[in-house]
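Since the structure comes first, as structure tokens, the remarks are kept for the end.
The values are calculated or read from the model by the stated rules, or taken from the named source; none is laboratory data. Everything quoted here is computed from the prediction, not taken from an experiment. In this analysis, Cβ positions are derived from the backbone assuming ideal geometry, glycine residues included, and neighbour counts consider all displayed protein chains. Ligands, DNA and RNA are stripped out before the accessible areas are found, and what is left, the full protein with its side chains, is counted by its heavy atoms. Shrake-Rupley method; radii C 1.70, N 1.55, O 1.52, S 1.80 Å.
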Amino acid sequence: AQSVSQHNHHVILSEAASLELGCNYSYGGTVNLFWYVQYPGQHLQLLLKYFSGDPLVKGIKGFEAEFIKSKFSFNLRKPSVQWSDTAEYFCAVNADSSYKLIFGSGTRLLVRP
Amino acid sequence: KAGVTQTPRYLIKTRGQQVTLSCSPISGHRSVSWYQQTPGQGLQFLFEYFSETQRNKGNFPGRFSGRQFSNSRSEMNVSTLELGDSALYLCASSLTTEADPQYFGPGTRLLVL
């Protein structure tokens, strides 16, 4: 069965620190990859997406992610986090034209001022 | 453009009752998906509709059902509610294909007593 793993469940960083959140998926076919963010009290928002082409994709608010097909990974990065990045981050995969998103369990990020 | 809207935002029901949740997609979006979010199971796909047809269904019992209307608005119904159905139910809309990103609404928080 298809699955998405986010190994870091909780991450605590100080402002200006660099961020990398891991995401691995288990599916060998064609995938579309997404990162969503859920700020406290707000609904899920799309951060970035990968469909094809350049494996390094840039999203909103300075976030980027790199698709490494050989490692089945789609890690999220940000060079310098801000207090306002405190949120829960979800990696999601749409596999093989299935019209559904499979989500990872999420990573709660706390950025200390 | 207005985002995805869901009504009601909060709902309290008792075991055995049934409930209907409503979702209005972003204007021009023809695909509507439903997800259940709980602390224990995370985000799980319920079903997806396009042009009034269900294209995909998740692993939920038959008590969970949905439909889509000709204006792309969608409803989901849960019959014979159980305590474990307490969750945040999220609706997402997208344009047409599986490659289009899904945009989420604020959700309906259902509490079953």
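Worth a mention:
- Distance distribution note for the stretch B:1-109: the fraction of Cα pairs above 24 angstrom is 17%.
- Computed log10 I(q)/I(0) for the stretch A:1-54 at 0.26, 0.29 Å⁻¹: -1.28, -1.30, from the Debye equation with unit scatterers placed on every C-alpha and solvent omitted.
- In chain B, a dipole from Cβ-located charges (positive for Lys and Arg, negative for Asp and Glu) runs towards its positive end, and of B:THR97, B:TRP34, B:THR20 it is B:THR20 whose Cα lies farthest in that direction.
- Protection-proxy order for peptides A:100-109, B:57-66, each taking the mean of Cβ atoms within 10 Å per residue, highest first: A:100-109, B:57-66
- Of the residues B:GLN41, B:GLN17, B:GLN54, the one that moves most in a GNM of chain B with alpha-carbon contacts below 10 Å is B:GLN41.
- DSSP beta bridges confined to chain B are antiparallel in about 90 percent of cases.
- For peptide A:88-101, the mean count of partner chain Cβ atoms within 10 Å of a residue's Cβ comes to 5.
- Approximate shape of the stretch B:47-113 as ellipsoid semi-axes (Cα gyration tensor, √5λ), whole Å, largest first: 23, 14, 11
- In terms of overall dimensions, the C-alpha atoms belonging to the protein assembly as shown reach 49, 36, 36 Å along their principal axes, ordered largest to smallest.
- Ranking A:SER5, B:SER70, A:TRP35 by Cα position along the charge dipole of the protein assembly as shown, where only Lys, Arg, Asp and Glu carry charges on their C-beta atoms, puts B:SER70 farthest toward the positive end.
- Over chain A, the Kirkwood radius and the radius of gyration, each from Cα atoms, give a ratio Rg/Rh of 0.96.
- Over all pairs of different C-alpha atoms in the stretch A:54-113, the reciprocal of the mean inverse distance, the Kirkwood hydrodynamic radius, equals 13.2 Å.
- Accessible surface for B:SER86 stands near 30 Å², nearest 10, in the context of the full protein assembly shown (1.4 Å probe).
- Each chain gives up part of its surface: A and B jointly bury about 1600 Å² of accessible area, both sides summed, for a 1.4 Å probe.
- Peptide A:41-53 is shielded by partner chain Cβ atoms: per residue, an average of 3 of them sit within 10 Å of its Cβ.
- Residue order by solvent-accessible surface for A:HIS9, B:HIS29, A:HIS43 is A:HIS9, A:HIS43, B:HIS29, largest first, with ligands and nucleic acids left out and a 1.4 Å probe.
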